[in-house]
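To start, the structure itself, in structure tokens.
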Amino acid sequence: MRDILIIAGIVLVFLWFLALVYYSSKKSRRKQINTIFYVAPWGDDHNLGNPESPWRSIQYAVDQLKPGDQLILFGGTYIEYITIRNSGTQEKPVTIMAKTGEEVVLDGMGLVWKYAINIEFGASYLTIEGLKISNYIFGIGLWGQNTHVKLKGLDISDCGTALQIISGEKLVIENCSFHNNKGPGMAISPGPINDTIIKNTRSSYNEGTEVADGFILESGNGVLLEKCTADHNAGSGFNCGIDQLTISACVCEENAKIGINLSSNNAKIVNSIINSNGNAGLVYRGKDSLTIVNNLFVNNGLKGEYCIRVNDQILPAPAKMFSVNNIFAFNYCGIFLGGFVILENEDYNIYWSRDDAEIVINNRIYTRDEINSKVWYEETGQGKNSRSIDPLFVNLQYRDYRLARNSPAIDRGTGAFAPDKDIDGNIRPQGRGVDIGPYEAAEGSIVLPIAVAPKTPGYSSDISGTLDFCLDWGVVSSVHKVVKYCVQVRDGLSGNWQNWLMETPDIGGVFSGMSDHTYYFRAKARDILDNWGDWSGTSYTIVPMDDQNPLIRYSGEWSTVVDDFAYLNTLHYSSAQGDYFTLKFNSSEVAWIGVKGPDRGQAKLYLDGELQQVDLYSGKHQYRIPIFKVILPEGVHELKVEVSGTKNKLSAGFRVDLDGIAIKR
């Protein structure tokens, strides 16, 4: 009995020691400074929170974080909602981020009326990075007076609103994508939001029962939107009431309503592209001043609107407007300036939207001729260096709005107010002067015609029963009229490029080849200004070997026949079971060229010994078609085709034909 008591005592002491170690380590890990913790879908909240023993719940982990801590999430899907109550400090922010190279998804499916991440009132000095969020009523919500919060690399979709901010300051939103939500992508409402940077962020394809804008910024001061994109939204692209707002190097396109809708005081738009929006490209109903410099407004007002409307209300507040180095082109109508607009400076702009209404101010309509003949300048004192002329883009149809060679926008702007760099980060100026619009072209820049790879048949027998076949060529894009082409050919991959057609105006021709050869083609184009473009990509045509080629070995009772529809007018055929032909070849592509028809039977095809059944029956005769074709590893292969002596029940015969074999050389 005494021994049993001793053993029991030892066990109790050991268990007490384990419990002490466990709770001591658990307590000590929460006292660590600048600790990195981990969460994984396969973890457990009773674990230590390290890489080898991660926690399971993000919420549990967040509740453990202290200033300076980092929480790293392993890849996987997490179905939960998170509330962040604790703040970091300026020296020790709290960071929550996806593990580098892994996809972390927060999925709110089934969590009705929840935020994915709820940052409570006043929670600050936080960084959230690299997460994908979907299927919540709100992706991320900041409940007010949140400062120094950084949201980076987030992808938020299929939510009611992707990002909702009540108020805050000194926020950074960078490299995020808000798309396919039922409401706006990003909504700052009611605000204010101050001293905030939104950079490299896209809000797109947001649409639902309510009109969904890309970015809503209702109130605040000192916000920079840089290199952001708002596109394909059911509402407006940017809808802003921020004072001291700067929109720089942004793209706003194909939004159903207004491109940029501003009620801001003192707004500046530079280096941006406002393109193909349903209503106006820009509406300004603020006061003080609107500055627009080196922008492009193109294809706006698709529903019958002006390109720009400034203070179009009945009793608007007075507003000053500064407009320099902009292009307004191909919009439904020109720009509309209300009676309370004070033009501080309008100069070095290009107008090319509507011949009879490029500028409307105080109910006075100015036409293209009146701009070019200086009537506009003489009556207003503005626009001395503005012009109404086609700006000449590289390719308007494909929305390549860079300036083509000899564009009237090249070197014709003013450097007095232009940004130091263009929308792509190129230094201004590149030439003798600053270019008008968001793009800066190199001096004497030449936009070369781009030729398309010639359109050729895969096998010459597809379109011809002879060794001749047709091919076509042309251009993908060219600023100026293309007048000549050069087309080169190469016989086989190891051959040298040779000129076939030099400086031809034609866009098609007939090439004469040789049996059992492969021909590669490329082309380049010259425009009316003698600019030769680069060589196009290559295309190729295989000219098959004929059925008479001695490399093909026949076994059995094969017959030959002259047929005007056949390749080179001859065919081998047999209906005898067991008859076959074989060919060994070294290539990466082979095709059996033959005939299908109402009296054709079935064949056994062996490629490197592997059997495939082939049915040659067709309701009508089809000549010179690839019965079988395949891409292979480069090397030596063997093709064997054997007459099966069987047929489709609809067929009237057992015949199998060989018209040719196409081998890529």
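Quick look at the values:
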quantity: Where I79 falls short, out of the listed (1) crowded, with 16+ Cβ neighbours inside 10 Å; (2) over 24 Å from G220 (Cβ atoms); calculated: (1)
quantity: Tally of residues being crowded, with 19+ Cβ neighbours inside 10 Å, touching a residue at least 60 places away in the same chain (Cβ under 8 Å) and part of a loop (DSSP other than H, G, I, E, B) across region 386-411; calculated: 4
quantity: Residue that is touching a Pro at 6+ places or on another chain (Cβ under 6 Å) and either within 25 Å of V562 (Cα to Cα) or part of a strand (DSSP E or B) (or both), where the choices are I625, I593; calculated: I593
quantity: Options L632, L658; residue that is touching an Asp or Glu at 6+ places or on another chain (Cβ under 6 Å) and in contact (Cβ under 8 Å) with a residue 12 or more places away in the chain; calculated: L658
quantity: Residue list for region 257-289, restricted to those being modelled with pLDDT of 95 or more and surrounded by fewer than 19 Cβ atoms within 10 Å (Cβ to Cβ); calculated: K268
quantity: Every residue from region 503-533 that is in a strand (DSSP E or B) and among the hydrophobic types (A, V, I, L, M, F, W, C); calculated: V510, F511, F521, A523, A525, W532
quantity: Boolean, K647 is outside any strand (DSSP E or B), crowded, with 17+ Cβ neighbours inside 10 Å, outside the structural domain of H517 (by TED's automatic domain parsing) and of a type in the set (K, R); calculated: yes
quantity: Residues of region 212-242 that turn out to be under 24 Å from the mean Cα position of the chain (by Cα), assigned to a loop (DSSP other than H, G, I, E, B) and on the phi < 0 side of the Ramachandran plot, as a count; calculated: 9
quantity: Which numbered condition M97 misses (of (1) assigned to a strand (DSSP E or B); (2) crowded, with 18+ Cβ neighbours inside 10 Å); calculated: (2)
quantity: Residue satisfying all of: in region 583-612; closer than 19 Å to G492 by Cβ and of a type outside the set (G, A, S); nearest to the chain's Cα centre (by Cα) among these; calculated: E589
quantity: All positions within region 145-173 that are part of a loop (DSSP other than H, G, I, E, B) and under 15 Å from T196 (Cα atoms); calculated: Q145, H148, I166, S167, K170, L171
quantity: Hits in region 323-360 - residues which are crowded, with 24+ Cβ neighbours inside 10 Å and assigned to a loop (DSSP other than H, G, I, E, B); calculated: N325, N326, N331, Y348, N349, S353, E358
quantity: Selection count, region 548-582, where residues are surrounded by 17 or more Cβ atoms within 10 Å (Cβ to Cβ) and in a strand (DSSP E or B); calculated: 6
quantity: Filtered residues of region 366-385 (kept if surrounded by fewer than 18 Cβ atoms within 10 Å (Cβ to Cβ) and closer than 15 Å to I327 by Cβ); calculated: N385
quantity: Residue among G458, G437, G508 that is under 30 Å from I593 (Cα atoms), small (G, A, S) and either in contact (Cβ under 8 Å) with a residue 40 or more places away in the chain or buried (at least 16 other Cβ atoms within 10 Å of the Cβ) (or both); calculated: G458
quantity: Identity of the residue in region 468-477, in contact (Cβ under 8 Å) with a residue 60 or more places away in the chain and not aliphatic (A, V, I, L, M), that ends up surrounded by the most Cβ atoms within 10 Å (Cβ to Cβ); calculated: W473
quantity: Residue match in region 450-470 (condition: of a type in the set (A, V, I, L, M, F, W, C) and touching a helix residue (DSSP H, G or I) at 6+ places or on another chain (Cβ under 8 Å)); calculated: yes
quantity: Complete set of residues in region 490-542 that are among the hydroxyl-bearing types (S, T, Y) and closer than 12 Å to T456 by Cα; calculated: T518, Y519, Y520, T538, S539, Y540, T541
quantity: Unique residue being buried (at least 21 other Cβ atoms within 10 Å of the Cβ) and over 35 Å from the mean Cα position of the chain (by Cα) when the list is N295, N311, N300, N363; calculated: N311
quantity: Residues of region 245-292 classified as over 27 Å from the mean Cα position of the chain (by Cα), assigned to a loop (DSSP other than H, G, I, E, B) and not basic (K, R), total; calculated: 5
quantity: Odd one out for R309, checked against (1) part of a strand (DSSP E or B); (2) among the basic types (K, R); (3) in contact with a Ser or Thr (Cβ under 9 Å, 6 or more places away or on another chain); calculated: (3)
quantity: The one condition in (1) under 33 Å from the mean Cα position of the chain (by Cα); (2) of a type outside the set (F, W, Y); (3) surrounded by 14 or more Cβ atoms within 10 Å (Cβ to Cβ) that G537 fails to fulfil; calculated: (3)
quantity: Within region 629-665, considering residues that are β-branched (V, I, T) and under 16 Å from N549 (Cβ atoms), the one farthest from the chain's Cα centre (by Cα); calculated: V641
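The values are calculated or read from the model by the stated rules, or taken from the named source; none is laboratory data. A quick note: this is a predicted structure, and the numbers were derived from the prediction, not measured. Cβ: placed from backbone, ideal geometry, glycine included. Neighbour counts: every protein chain shown.
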